[in-house]
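Reviewing the structure listed below.
The values are calculated or read from the model by the stated rules, or taken from the named source; none is laboratory data. Nothing here was measured: the structure is a model prediction, and the numbers come from that model. Backbone-built Cβ (ideal geometry, glycine too); neighbour counts: all protein chains shown. These accessible areas exclude ligands, DNA and RNA; they are computed on the full protein's heavy atoms, side chains included. Shrake-Rupley method; radii C 1.70, N 1.55, O 1.52, S 1.80 Å.
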Amino acid sequence: MELWDLFDRSGNIVSTNHGRGDTIPEGTYHKIVNIIVQHVDGDYLLMKRSDDKESRAGEYELTAGGSTIKGEDFSEGAWRELYEETGIKADALYELTPVIIREEIRYLQKSFFCLTNIDKNSIQLQAGETQGFQWLSEDEVLAISNTDSLVRLTNEVIERMKEIKLKHFKLT
């Protein structure tokens with residue numbers, strides 16, 4: 001069974017050994033991570049959720065990601081989830097958002113950005129988690145960004161990614 005740490009609103013651990021699927025008690029939160037992956041050619045990676053998932057089965061989302069496990073911080077969880085769900089071994093991950101508290105599902109959520117130059121056909125799917133992928137242009141992603149993707153491609157997120165690319169990659 002996958003074990004999680006639970007946190008208060010400030011990110012302090014209040015409980016360990018919480019089993020995945022068990023009810024998260026009122027006033028506590030679990031950490032989740034989302035990673036937006038962009039290829040150096042400008043396309044974005046969309047991952048198709050497995051038909052076996054409890055929520056949003058078979059839907060595409062703009063992010064790889066998921067739950068942190070016991071002992072992981074946001075960054076460690078992001079590196080692990082990116083590799084597990086896509087096979088991508090990133091050179092770097094960059095924070096896109098501060099921690100967002102999602103009261104309705106008791107999550108502390110943080111989003112990251114990965115710029116990659118991998119062979120676009122080399123994505124490796126994680127059984128039970130992902131069952132497909134596609135690469136879409138920014139215009140194509142913006143056209144569908146009003147869907148229930150875990151992270152939407154908002155103007156703020158686009159601007160933050162541009163800042164990261166300018167600072168670290170000299171790209172726009």
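Brief remarks on what is shown
- Solvent exposure of the chain, expressed per residue, is 53 Å² of accessible area, with all protein chains present and a 1.4 angstrom probe.
- Heavy-atom accessible surface of the chain: percent carbon and sulfur, 1.4 Å: 46
- Unit charges on C-beta of K, R, D, E only; dipole of the chain, Debye: 340
- Per-residue accessible area (protein heavy atoms, 1.4 Å probe) orders 83, 44 as 83, 44, starting from the largest.
- With the convex hull drawn over the C-alpha atoms of segment 47-152, the volume per residue is 117 Å³.
- Degrees between helix 74-86 axis and first principal axis of the chain (Cα, 0 to 90, nearest 10): 60
- Residue order for 144, 24 - accessible surface, 1.4 angstrom probe, largest first: 144, 24
- For residue 96, distant residues with modelled amide H under 5 Å away: 111, 112, 113
- Those lysines that a straight Cα-Cα span of less than 23 Å connects to residue 167, excepting residues fewer than 8 apart in one chain: 89, 110
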